[in-house]
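Take a look at the structure set out below.
Just so it is clear, none of the values below were taken in a lab; they were calculated from the coordinates. None of these values were measured; they are calculated from a predicted model. Every residue, glycine among them, receives a Cβ derived from its backbone with ideal geometry; neighbour counts consider all protein chains shown.
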Amino acid sequence: MTTLPTIQQILDLEGVRQGEPTVLAGARHLGRTVRWMHVADRPRSGELLLVVDGALPPDGARWLEDVAATGVAGVLAGCAIALPDAVVHAAQRLELPLVRLQREVQVPRVTEAVLVLVTEGRLAESRRCEEIHRRFTELARAGADALTVVSHAAAMARCPVVLENNAHQVIAFAPADADPDLIAGWELRSRQIVVSGQTGWDSTGWLVTGVGAGAVEWGRLLVRCPGPGTTHVVLAERAAGVIALDLLAHQGEDSRSWAHQALLTSLLTGDLLSAEFTARARALGVPLDESVLVAAVIRDLADRAGDLLQDLVCLHAVLDDGSLGVLLALRPDDDVHGVLVRLAEAVRRRAAVIVAVSEPVTSPADARKALVEAQQVAAAASGGRWDVPYVKLRDLGLHGLMYLLRDDPRVQAHVERELGPLLQPGRADLIATLRSYVDSGGNKTDAAAATNLSRQALYDRLKRVGQLLDADLDSPRVRASLHAALCAHDAIGHP
């Protein structure tokens, strides 16, 4: 994202290469940006100091420490003889880029070339800052949530961005192609990142700015970048400002719920790779890679069931259909059935709703499959009566199978072939009669009782059904085929 030249780009200039530059210290920081070239002993932050022969003070090590304290980007020393060991060791200890020019260079030409690069970079930087302001103004006007802002910030900076609360818990993370393990053990690492002022840069490579509204500090936004360039600072502070607006609009809400919502939503949409999903879940205190995972979907209780999960290690989110999706992370020695029974019983003390669960899985790579399975079970089980504490796919029987196959054109054709004449308008009573009859296993007495019909009325309706379908309803084989068609018809018409 940076537009200013780096130390490495300056070393690559022809006039500097003629001096045969040798990096003596701070090689891993050659990506630092340079705001100006300074030929003096007291540069300002972000400037590159050029020291010519004879300008190095006698106490070079102490002088170098003072220079480093100003925030100088690095030191370029033109010395015909080797630099004193004390100076080199001081630069290495400070991790300050120190480069020796072994041959004489034309200082005015080198300075001019560097300043041309810096000037061009500053113009580009100015344009980039204008773009940043415009983008985040648009996000603010659109009412973008904190998670969206973090994603945009990482994309613009091309650097990882972390949003944390005051407890140093990761609320949002956008890796920008970095290793997701960047946030492994985040709470401990974050506590060691300390900066002064509202915005500051830590030597470990994090630009940090506070997030809050008024006197209330809510957390921090951290951008992983090679140095505190102006564009990164502007981006971080503008992003933090838009996030603060979102916080004001959602005062009183649990910030961790946002993170859970974003994580499970991204899992379902396939936006996350397994490694990133696992790393972000661990940062929220849910160790997926060390657990037995079970997904659960609770229908019609999303806004009243959050407190039921307080004693469980899990991720949870409100799904598109308004149900509550939960990904439980259980210890390998936990009683899975016992945990699910206790959860279902607690839910049913609130309301008589369905708790649908998946089969347990042991790999985070299977987490999405488990959550989708629980969603399918919840949808297929809707409206039914179940004598089990929670419903699994195998509890659904033929009805569940037909729900999973409801989009298959062959299943749809079977429904039309078997039930077509009964699906015409005005024949819902015939469908209901047939359903009761096949559900009773062909027992007409039970079917009459279930439909509140007299036996004669039932006989008349069944005769009419048989004529319309041109089928022998007394045949067990025919009833089995019709039963499958009715289950499929229910599944196809299910919202």
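Observations
- Straight-line cross-link reach from residue 444 at under 27 Å between alpha-carbon atoms covers these lysines, not counting any fewer than eight positions away in the same chain: 463.
- Cβ-defined net charge surrounding residue 458, 13 Å radius [Lys, Arg +1; Asp, Glu -1]: +3
- Most tightly packed first, judged by the mean number of other beta-carbon atoms within 10 Å of their residues, the peptides 452-463, 59-70 read 59-70, 452-463.
- Sequentially through segment 418-423, phi angles give Karplus couplings (6.51, -1.76, 1.60; θ = phi - 60°) of 7, 10, x, x, 7, 8 Hz, Gly and Pro residues having no value and appearing as x.
- Ranked packing of 20-33, 472-485, most packed first, by mean Cβ within 10 Å: 20-33, 472-485
- Helix 60-69 axis, angle to the chain major axis (alpha carbon atoms, nearest 10°): 40
- Tilt relative to the chain, helix 367-381 - C-alpha long axis, 0 to 90 degrees, to 10: 30
- Charge tally for residue 89 (other residues, Cβ to Cβ under 13 Å; Lys, Arg +1; Asp, Glu -1): -1.
- Anchor residue 392: lysines whose Cα lies under 25 Å away (excluding residues fewer than 8 positions away in-chain): 369
- Rounded to whole Hz, the Karplus (6.51, -1.76, 1.60) HN-Hα couplings of segment 350-357, x for glycine and proline: 8, 6, 7, 10, 8, 10, 9, 10
- Cβ-defined net charge surrounding residue 32, 11 Å radius [Lys, Arg +1; Asp, Glu -1]: 0
- Cα pair distances in segment 403-492, grouped into 5 Å bins until the bin that holds the longest one, percent each: 2, 15, 27, 25, 18, 9, 3, 1
- Axis of helix 476-492 versus longest Cα principal axis of the chain: the two differ by about 40°, to the nearest ten degrees.
- Close amide H contacts of residue 25 (hydrogens built in the peptide plane, cut-off under 5 Å, sequence separation of 5 or more or a different chain): 98.
- A Cβ-based charge dipole, computed about the Cα centre of segment 1-146 with Lys and Arg at +1 and Asp and Glu at -1, lands at about 320 debye.
- Backbone HN-Hα couplings from phi across segment 98-103 [Karplus 6.51/-1.76/1.60, Hz, Gly and Pro as x]: 10, 10, 9, 8, 6, 10
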